[in-house]
Structures are given as structure tokens and as C-alpha cells.
């Protein structure tokens, strides 16, 4: 085994608001894809990394979610749905990264919101 070979990593990538431009709930039209983010995710898959798509969508939306992933060519190893992701405006986690920072397409929404809140509170 080559010690210099890149480590195979497991990526848990959120669906709504990360690979999609909007959030989808039952009865709403399918969201638009973030095509560049999907391409970058697929590159990780092709280079040997494990891709887990996770979403707070309910299990009852599995068929339409799987169809959306297939229609937009999202390579992944597993789809995890609605398993304990708490609804929140911002997640603080030692292993997280904002999609904007990860995919390099904008300023992190959570960091921006936090800075605005600090400024508003005079800190």
C-alpha cells in the first residue's frame, strides 16, 4: 500500500440548499440543481471518495429524491433521509464546512449571518 496515496475520505453532503438551489418539501416543484457543485461532488466520487447524500427530507419523499439525484447525475454511494437532522438556521460542528466555502462559490451564509448579528449587537 502506498503511504503517499491520498486518503480515501467519506463526505456527507447535504441536498437541499447545497446541491439544490432551493429547499423542497412535499407538494413543491422540484428544485433547480447547483450544477457546478454536482460536478465537484462527482469528481470526489470518481477519484475514490465515499459520497453520502443526507437530507432532512422525510422518508416518504425517497422515490422523488432518488429520481432527482438520477436526473441530475449526482454520483453517490448512499442516500440518508430524515435521520435526526435537527432544524436550525446554523450548524456549529467540528467537522462542518459551509457549501459556499467547500465548493468555492460564495461567502458562507452562517458566517455572514453571525457577523451581521455581532455587528447589530455592537460587538
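The values are calculated or read from the model by the stated rules, or taken from the named source; none is laboratory data. Everything quoted here is computed from the prediction, not taken from an experiment. Quick reminder, even Gly has a Cβ in these numbers, built from the backbone with ideal geometry, and neighbours come from all protein chains shown.
So here's what we get for this one:
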item	result
Residue selected from region 71-110 under the condition out of contact with any helix residue (DSSP H, G or I) (no Cβ under 8 Å at 6 or more places or on another chain) and part of a strand (DSSP E or B), by the criterion modelled with the lowest pLDDT	80
Selected residue [under 20 Å from residue 110 (Cβ atoms) and out of contact with any helix residue (DSSP H, G or I) (no Cβ under 7 Å at 6 or more places or on another chain)] from 56, 63	56
Test: residue in region 36-45 that is free of Cβ contacts under 8 Å to residues at least 24 places away in the same chain and either crowded, with 16+ Cβ neighbours inside 10 Å or farther than 18 Å from residue 81 by Cα (or both)	yes
Candidates 63, 12 - the one that is in a helix (DSSP H, G or I) and either modelled with pLDDT of 80 or more or exposed (fewer than 13 other Cβ atoms within 10 Å of the Cβ) (or both)	63
Boolean, residue 48 is farther than 20 Å from residue 105 by Cβ and free of Cβ contacts under 8 Å to residues at least 12 places away in the same chain	no
Test: residue 115 is modelled with pLDDT under 80, in contact with a strand residue (DSSP E or B) (Cβ under 9 Å, 6 or more places away or on another chain) and surrounded by 12 or more Cβ atoms within 10 Å (Cβ to Cβ)	no
